[in-house]
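Engineer: For reference, the structure I am asking about is given below.
Each value in this text was obtained by applying a stated rule to the coordinates, not by laboratory testing. Remember, predicted model here, so these are calculated numbers, not experimental data. Every residue, glycine among them, receives a Cβ derived from its backbone with ideal geometry; neighbour counts consider all protein chains shown.
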Amino acid sequence: MAIIPFYKPTLRRKDMDAVLQTMVDERIGPGERKNLFLKEFCDRIGFAHGVALRTVIDAMICGLKILNLPEGSRIGTGVLAPSYYEDVVRSLGYELLLGDIDKEHGCLSQAEADRLVQEEGCKALLLHEPVCQIPFGVDYKELGVPVMEDISQSIGSSFEERNAGSWGDLVVCSFEEDGVVSCGGGAALVFNEKEHKTAATELLSNTGSHVELPDMNAALGLIQLAALDEHLHRRRELYSLYTKSLMKTHHRLFGIGHIDFEPNGYGFCTTLDSKAEDVIAFAKKYEVSAKRTFADSLASHHQEAFETYPVALPAFHRSISLPIYPFLSQSDLQVILKVIAHLP
């Protein structure tokens, strides 16, 4: 039996027809399909304007540039955010400061956001929403600094009718191979303010053709958006089944456990009472891929700073994720459910 892969792209063979048609039209670079995909994405998450670019790093850099922050500004984020956040911030001459997470939802806590802005002088916040989570009960905007919200892992999640994408002045979303929406690469940066649209247009006036999303990728994205509700439904079904299996163990679900939370099923993460390495080895014994959820986060550079990050670091050291995607076969699903129910 082959090991169950950690993820599979949500693409069917017939979806490739859209890419083939793009090639037949002899227009594979940024063009009409990119514009249509961007419009549909903006409509989906409730924003008026945006840009579709080739990588999430391009999108984040663009977002920070159009904010036009003072030289050397401090920017705050949660310590479980991806490591490349620091590369993005440093590339623009800014300084990245880190805060602890909220134990209820895994995003930057309100208290830490207050500290970063009011005590540390951060001029903006980068909001990472890990493995389906959204920061319910938090209002970052009241702090008076711009918020760029990253919904790459949370798009489609909601709590009491508030959706991912409603906490930021600007929103960025990655469309990589493992995403809930995948273009095989790429990202979008969206916003409502007209001055942001003007600034983005000026910024891309000379480099747009080199950094904007190609039509081939956008064609895949259009198919993904059309199937998004179907995929979210299946991901939520799997998430619910996994959660029920996890209840048979002494481990706990990472993040929101409230009945009104509707996760997007991007990932399934549990924070263990045992060593992550032992559980990963146990899963592998039964041909199930598993990995440490936050191994590539900013916390990897602060692994012993428990006094500074008392909530995030236990999650960093002891959280693992298991395969969850719409195209899981029934036989693979049953194996994963059994593994979850017997995690050591």
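Engineer: Gain in length, GLU230 to LYS8, computed as 0.36 nm per residue apart minus the alpha-carbon separation, to one decimal in nm? Before the final figure, lay out the partial values.
Structural biologist: Values: separation 222, 0.36 × 222 = 79.92 nm, distance 1.59 nm.
Between GLU230 and LYS8, full extension yields an extra 78.3 nm.
Engineer: Report the Cα centroid-to-centroid distance between segment 244-297 and segment 138-160 in angstrom, as an integer.
Structural biologist: 24 Å
Engineer: Output wanted: per-residue J couplings in Hz (rounded whole) for segment 112-125, from phi through Karplus 6.51 cos²θ - 1.76 cosθ + 1.60, θ = phi - 60°, x for Gly and Pro.
Structural biologist: Per residue, the Karplus-derived 3J(HN,Hα) values read 6, 4, 4, 4, 4, 7, 7, 9, 9, x, 5, 9, 7, 10 Hz.
Engineer: OK, next. Among VAL117, PRO263, GLY168, whose Cα projects farthest towards the positive end of the dipole of the chain, with charges put on the beta-carbon of Lys, Arg (+1) and Asp, Glu (-1)?
Structural biologist: Looking along the dipole axis, the top candidate is PRO263.
Engineer: Tally the DSSP beta bridges in segment 13-226 and give the antiparallel ones as a percent, rounded to 5.
Structural biologist: Bridges in segment 13-226 are about 50 percent antiparallel.
Engineer: Taking 8 Å as the Cα distance limit and 6 or more residues as the minimum spacing, I'd like the relative contact order of the chain as a percentage.
Structural biologist: It comes to 23 percent, rounded to a whole number.
Engineer: What value, in deg cm²/dmol to 500, does the helix sum -39500 (n - 2.57) over DSSP H runs of n ≥ 4 give at 222 nm once divided by the residues of the chain?
Structural biologist: Mean residue ellipticity, 222 nm, calculated: -10500 deg cm²/dmol.
Engineer: While we're looking at this one, here's another question. In sequence order, what are the phi-derived ³J(HN,Hα) couplings for segment 58-69 according to the Karplus relation 6.51 cos²θ - 1.76 cosθ + 1.60 with θ = phi - 60°, rounded to whole Hz, with x for glycine and proline?
Structural biologist: Per-residue couplings from phi come out as 4, 5, 5, 4, 4, x, 5, 5, 6, 6, 6, 6 Hz.
Engineer: Can you tell me the length gained on complete extension of the stretch GLU176 to SER205, counting 0.36 nm per residue apart and subtracting the Cα distance? Don't jump to the answer; show the numbers that get you there.
Structural biologist: On the way: separation 29, 0.36 × 29 = 10.44 nm, distance 2.50 nm.
Taking GLU176 through SER205 to full extension adds about 7.9 nm, to one decimal.
Engineer: Each residue of segment 273-287 in turn: what ³J(HN,Hα) in whole Hz from Karplus with 6.51, -1.76, 1.60 and θ = phi - 60°, glycine and Pro shown as x?
Structural biologist: 9, 10, 6, 4, 4, 5, 6, 4, 5, 4, 4, 4, 4, 9, 6
Engineer: Rg and Dmax of segment 228-341 over Cα atoms: what are they, in angstrom?
Structural biologist: That works out to 14.5, 44 Å for Rg and Dmax.
Engineer: Mind putting together the pair-distance distribution for the chain? All Cα pairs, 10 Å bins, whole percent per bin, short to long.
Structural biologist: Cα pair-distance distribution for the chain, in percent: 6, 26, 33, 25, 10, 1.
Engineer: Kindly flag which residue pairs out of LYS39/LYS194; LYS34/LYS194; LYS39/LYS291; LYS8/LYS65 have an alpha-carbon separation exceeding 25 Å in this structure.
Structural biologist: Over 25 Å Cα-Cα: LYS39/LYS291; LYS8/LYS65.
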